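The block underneath contains the structure these notes are about, expressed in structure tokens.
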Amino acid sequence: MMVPALRAVGAVLVLLGLAHLALPYGMGWLREFTALTALTRRIMHLHTGFIGLACVLGGLPPLLLTGDLLAGGRLATAILAGECVFWGARWACQFAAFSPSIWRGSPVRTAGHVGFALLWSWITATFGIALLTATW
């Protein structure tokens with residue numbers, strides 16, 4: 001049961017990372033970026049790219065090395081624990097950084113908030129269960 005769940009999380013993370021290529025266009029950031037200084041604009045593009053890369057790199061082990069991760073060992077434990085901390089922190093940020101005033105009143109933003117809260121919950125829980133499976 002853990003193998004398909006971990007592979008699904010890996011696939012979703014790779015897709016999420018690749019989606020960062022289109023994120024500035026889909027979110028309308030390019031218009032908003034024009035008001036920024038050249039340095040700040042470049043930093044925003046660079047950070048978006050690196051977040052996408054981090055998603056892809058974080059998704060490849062559970063997608064391609066599922067058995068190795070679930071077999072346990074120090075490296076597998078470290079990777080799974082790191083994924084739990086990273087995605088657990090992202091889950092917490094969903095509530096700490098995105099005030100309800102940002103998304104309340106907009107059905108699209110509310111759906112996005114709820115959808116991402118559920119996504120981060122699923123990803124964190126899957127890595128947590130995999131960690132427990134690999135270490136027991």
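Normalised by 2.2 N^0.38 Å, where N is the number of residues, the alpha-carbon radius of gyration of region 8-55 equals 1.26. Starting from a Cα-only point model with no solvent, please compute log10 I(q)/I(0) by Debye for region 86-136 at q = 0.13, 0.14 1/Å. Those come out to -0.37, -0.42, one per q. Per residue, region 1-102 exposes 62 Å² of accessible surface when a 1.4 Å probe is rolled over the protein heavy atoms with every protein chain present. Shape annotation for region 23-136: C-alpha extents along the principal axes are 52, 32, 20 Å, from largest to smallest. Radius of gyration over Kirkwood radius for region 1-83, both on Cα atoms: the Rg/Rh ratio is 1.15.
For region 66-113, the fraction of alpha-carbon pairs lying more than 12 Å apart is 69 percent, rounded to a whole number. Across the chain, the relative contact order, built from alpha-carbon pairs under 8 Å that are at least six residues apart, equals 33 percent. Of the accessible area of the chain, computed with a 1.4 Å probe over protein heavy atoms only, carbon and sulfur atoms account for 75 percent. Average 1/r across all pairs of distinct alpha carbons in region 44-97, invert it, and you get the Kirkwood radius: 12.4 Å.
Residue 56 contributes about 30 Å² of solvent-accessible surface, heavy atoms of the protein only, 1.4 Å probe.
The values are calculated or read from the model by the stated rules, or taken from the named source; none is laboratory data. Source: prediction; values computed, not measured. When the accessible area is computed, the model is the full protein with side chains, heavy atoms only, and any ligands, DNA or RNA have been set aside. Shrake-Rupley method; radii C 1.70, N 1.55, O 1.52, S 1.80 Å.
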